[in-house]
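The values are calculated or read from the model by the stated rules, or taken from the named source; none is laboratory data. Nothing here was measured: the structure is a model prediction, and the numbers come from that model. Here the Cβ positions follow ideal geometry from the backbone for every residue, glycine too, while neighbour counts run over all protein chains shown. Heavy atoms of the whole protein, side chains included, go into the accessibility calculation; ligands, DNA and RNA do not. Shrake-Rupley method; radii C 1.70, N 1.55, O 1.52, S 1.80 Å.
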Amino acid sequence: MLCPKCGKETRKGLCEECFLERNPIRMKDVELIICTTCNQFRYKGKWNSNLDRFMEGIIRDNLVHHHDIEIKEIDFKAEENRNRLELDIDITGEYAGERFKTKLKSSIKPDKSQCKDCSRRSSGYYEAILQFRIKKTPTDKDVDPRYVAKAEKVRGGYDFYITSLKHAKQIAANYSKNGYKTGQSPMHAGVRDGKDFYRFSISIKEPQ
Ligand SMILES: [Zn+2]
Ligand SMILES: [Zn+2]
């Protein structure tokens, strides 16, 4: 059978080239927010770090194509240009049992904003105080600075004001795993949206 448009040998109606020309693959507008402070990004309501690692999935998610086309592989280059991410995408796909390769240029314009952690930190908001009463001074490796609203040297150690209770508990759990003694107690911190609001102080002490 010959392609009715270009005369190329084909198995079904239009050849893959002519079919793609008539039904081009394109990319939807992608909504992405990038935190101006820590570079985390928000996609589909979730904050994540390391956009590079997620980029292929985001591209796949947003490709629009005729249902007779199957997308197989994607290879891409992303380049930042002014406030845009320019994408050069190589697509390998299948149409009517034939493999094809095609190229697509697209771009994403991320909105710049602050993520929850950074806006909390810059406003001084905190949910927990980690009370380190241990010999070793905590470092950035022990406590991710993105979650630290404030750190103070106090008698016997350090107090770290942490913007996320969940994260503070994780840190304490790590210390606990390494044999340190941890304990937590809630402190009533007022009423918010009609509900009692608690902060937690979590102590980390030398093993006994
Ligand atoms: Zn053709
Ligand atoms: Zn941030």
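Taking the highest mean first, how do the peptides 72-80, 199-207 order by number of other beta carbon atoms within 10 angstrom per residue? Working shown, then result.
Values: 72-80: 12.2, 199-207: 16.8.
Per-residue Cβ counts within 10 Å, averaged per peptide and sorted highest first, yield 199-207, 72-80.
Between Arg121, Arg42, Arg82, find the one with the highest GNM mean-square fluctuation for the chain; connect C-alpha pairs within less than 10 Å.
Of Arg121, Arg42, Arg82, the most mobile in the Gaussian network model is Arg82.
Using only C-alpha atoms and all pairs of different ones, pull out the Kirkwood radius for region 16-113 in Å with one decimal. It would help to have the intermediate numbers written out before the result.
Working: mean 1/r = 0.0692 Å⁻¹.
By the Kirkwood definition, the hydrodynamic radius is 14.5 Å.
Mind ranking 138-147, 32-41 by how tightly packed they are, going by the mean number of other C-beta atoms within 10 angstrom, highest first?
Ranking, from highest mean packing down: 32-41, 138-147.
About its Cα centre, what dipole magnitude does the chain give when the only charges are +1 on Lys and Arg Cβ and -1 on Asp and Glu Cβ, stated in debye to the nearest 20?
Details: 41 positive and 31 negative charges, 224 e Å.
That gives the chain a dipole magnitude of about 1080 debye.
What percentage of the solvent-accessible surface of region 156-205, computed with a 1.4 Å probe over protein heavy atoms, is contributed by carbon and sulfur atoms?
About 48 percent, which is the carbon plus sulfur part of the accessible surface.
With a 10 Å cut-off between alpha carbons and a GNM built on the chain, which of His65, His167, His188 moves the most?
Looking only at His65, His167, His188, the largest GNM fluctuation is found for His188.
Restricted to Cα positions, what overall size does the chain have along the principal axes? Three whole-Å values, descending.
The Cα atoms of the chain stretch 85, 36, 34 Å along the principal axes, largest first.
Give me the accessible area per residue for region 50-208, probe 1.4 Å, as a whole number in Å².
63 Å²
Peptides 110-120, 50-60: what's the order by average Cβ count within 10 Å, highest mean first? Let's see the in-between values first.
Details: 110-120: 16.5, 50-60: 14.1.
The packing order, highest mean first, is 110-120, 50-60.
Summing -39500 (n - 2.57) over the DSSP H runs of n ≥ 4 in the chain and dividing by its residue number, what mean residue ellipticity at 222 nm do you reach, to the nearest 500 deg cm²/dmol? The partial results should precede the final answer.
Details: 4 runs with 40 residues, N = 208.
Roughly -5500 deg cm²/dmol at 222 nm, from the helical runs in the chain.
Return the whole-Å distance between the Cα centroid of region 185-207 and the Cα centroid of region 87-146.
For region 185-207 versus region 87-146, the Cα centre distance is 28 Å.
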